Amino acid sequence: MKDVAAMISRASRLLLISHVLPDGDALGSSLGLMHLLTEQGKQVRVFSAGPIPEEYLFLPGMDHVSDELSKAGDQDLVVMLDCHQPERTGQVSGPFLAKQPSVAIIDHHQGEVDFGQAAWVDPSYAATSEMVTILAQEQGWNVSPQAATCLFVGVQTDTGSFRYGNTTPRVFRVAADLTQAGAEVWPISQEVYATRPKRLRLLGRIMENLELSQEGRLALSQITLADLEKVGAGPADLEQAVETLRLIPGVEVSALFRQTPKGAIKVSMRSRGKVDVSQVAIALGGGGHKSAAGVTLEGNLQGVRRDIATRLRQGLEAMS
Ligand code: 5GP
Ligand code: MN
């Protein structure tokens, strides 16, 4: 953290970048850090390859998020948040990042880090937004209500609303501090957990496609592009579905396979905790955490599904 903090305090023009298909923590940590550093007199820009899920459009400062690197202008430091592999930030930003002379990383995902001039990567944190909050506290930066709102959303969503095993006493302390700093829990929750008919229809489709195997311990389902089109939904509408599958009593591991507009297959995996799904993801070039991981693969839906199912069955067998 010290090295990253030193690089940030030396920089005056910063570009903040997080991962594609951004979630609440990717956007919350980027925008939270943007507010914190702007207040410190720095020039800050935020890049996201998108698509931005609707529930995060309310985040203060969202209008500063750009999906064009040219608009980002010159910077003396790039901070990569909520991921540590340059290609994870997007097709255009991956090669762009590889050319940058000065990159600092703040992330809480598993895996080897071999990129950046300084990297604070620590999977003991539940959220990158939790790390940014602690960084602000250590540095003595003021946390405005806008910054607190963004960071709270990151902590809230990455802990499944303070339900997952990553919800430590430190998480509650950080959440309490952010609430104290002006994050309003109920207005935020109404935005983040708004139900949308198209998503409920999508969930219906996922439940129709549900396949339980391994004595009910493995739950698999899929969504095709045709399914998405039918309900008028996009890739950003699927964030919560795989969690719902994991919560079926008896299910130890769940996976959702979805076709992407570019013809690849995005795999989302969740475990109750006994099987480490990040191993399966990392082995195939993806990443994540022990209980939540993913990877995007070329190939057809059935082929990818068969391959992943085999790997997950092996994980389940090793456990029992
Ligand atoms: P989700 O299934 O919600 O997309 O992602 C679950 C976890 O796995 C998140 O921590 C996410 O960052 C990570 N993850 C998902 N897809 C990929 C991927 O294609 N590459 C990497 N490195 N991580 C991924
Ligand atoms: Mn995160």
* To do: Could you tell me which of the pairs Lys42/Lys198; Lys99/Lys266; Lys198/Lys262; Lys99/Lys274; Lys2/Lys262 are separated by over 32 angstrom between their Cα atoms in the structure shown?
  => Lys42/Lys198; Lys99/Lys274; Lys2/Lys262
* How big is segment 197-319 by the Kirkwood estimate over distinct Cα pairs, in Å? -> 14.2 Å
* Any idea what the alpha-carbon Rg over 2.2 N^0.38 Å comes to for segment 1-135? -> 0.93
* Over the chain, what is the relative contact order in whole percent, taking alpha-carbon pairs under 8 Å and six or more residues apart? -> 14 percent
* Asked: When you count, for each residue, the other Cβ atoms within 10 Å and take the mean per peptide, how do 230-242, 30-42 rank with the highest first?
  -> 30-42, 230-242
* Collect residues whose amide H, placed 1.01 Å from N in the peptide plane, falls under 5 Å from the amide H of Val79; neighbours closer than 5 in sequence don't count. => Leu15, Leu16, Ile17, Ala104
* **Potential lengthening between Phe115 and Lys198 on full extension [0.36 nm per residue; Cα-Cα distance subtracted]** => 26.0 nm
* Asked: When all C-alpha to C-alpha distances in segment 1-75 are sorted into bins of 10 Å, what percent of pairs does each bin hold, rounded to whole numbers?
  -> 19, 53, 25, 2
* Structure fact -> For the chain, the Kirkwood Rh over every pair of distinct alpha carbons, in Å, works out to 20.0 Å
* Potential lengthening between Gln302 and Asp76 on full extension [0.36 nm per residue; Cα-Cα distance subtracted] -> 76.8 nm
* Among all the aspartates and glutamates, which ones have a C-alpha under 15 Å from Lys230's C-alpha, if same-chain residues fewer than 8 places away are not counted? -> Glu208
* Structure fact -> Residue-ordered couplings for segment 6-14, obtained by feeding phi - 60° into the Karplus form 6.51 cos²θ - 1.76 cosθ + 1.60 and rounding to whole Hz (Gly and Pro as x), are 5, 5, 5, 6, 6, 7, 10, 10, 10
* When the Karplus curve 6.51 cos²θ - 1.76 cosθ + 1.60 is applied with θ = phi - 60°, which whole-Hz ³J(HN,Hα) does each residue of segment 240-251 get, with x for Gly and Pro? -> 8, 4, 5, 5, 4, 5, 4, 7, 5, x, x, 6
* Antiparallel DSSP beta bridges within the chain, percent to nearest 5 -> 40 percent
* Please turn the phi angles of segment 122-127 into ³J(HN,Hα) values with the Karplus equation 6.51 cos²θ - 1.76 cosθ + 1.60 (θ = phi - 60°), one per residue in order, whole Hz, x for glycine and proline. => 8, x, 6, 8, 6, 8
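Read-outs throughout are calculated quantities, based only on the coordinates presented, and are distinct from any laboratory measurement. Since the model is a prediction, treat every value here as computed from it, not as a measurement. Don't worry about glycine lacking a Cβ; one is built from the backbone with ideal geometry, like all the others, and counts go over all protein chains shown.
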